[in-house]
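Here's the structure, in structure tokens; my notes come after.
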Amino acid sequence: MDARGSWLLFALGSALFAALTAIFGKLGVAGINANLATFIRTIVIVLVVAGIVTWRHEWSRPTGLPWHAWLFLVLSAIATGLSWLCYYRALQLGPVSKVAPVDKLSVAIAIVLGLVFLGEKPSLPLMIGGGLILAGTLVIALF
């Protein structure tokens, strides 16, 4: 499989699992504290990823990683944790059919941040797609 097909396959897997996350998360936070639910989810993720890294023999010495990798991975982890806390609370308060699409507004935000901070190049399909995501999110959230 070429590089394009490979990233696309993983991106589709991410979308599928994100959809399942919404459904299972909504069912899981019913009647319990959203922060506790996020903590439980985090522990399970740590165990699953540690198992995968062990199974694939991908452990390496963290001290050998460059400082900027550490910095951005820590910042990414903080952003992920805050996202999850907000997401689970939103699932407690609102319907999955509205919460999940609004959460996916992150796609349009990521496009803008990629253009501004990473120097990615805009294209007509990218701008149209991002605009449609924004429009769809607004329609779902507001009506």
query = Within the group Ala11, Ala18, Ala50, Ala37, which residue is under 16 Å from the mean Cα position of the chain (by Cα) and either surrounded by 11 or more Cβ atoms within 10 Å (Cβ to Cβ) or on the phi > 0 side of the Ramachandran plot (or both)?
reply = Ala18
query = How many of the residues making up the stretch 45-76 are among the hydrophobic types (A, V, I, L, M, F, W, C) and either closer than 19 Å to Thr21 by Cβ or in contact with a helix residue (DSSP H, G or I) (Cβ under 9 Å, 6 or more places away or on another chain) (or both)?
reply = 9
query = Under 9 Å by Cβ, and 6 or more places apart or on different chains, what pairs join a residue from the stretch 124-143 that is closer than 12 Å to Ala108 by Cα with one that is of a type in the set (Gly, Ala, Ser) and surrounded by fewer than 14 Cβ atoms within 10 Å (Cβ to Cβ)?
reply = none
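Quick note: the coordinates plus some simple rules give every number you see, no bench work behind them. Every value quoted in this text rests on a predicted model; they were computed, and no experiment measured them. With ideal geometry, Cβ positions are generated from the backbone for all residues, glycine too; neighbour counts draw on all protein chains shown.
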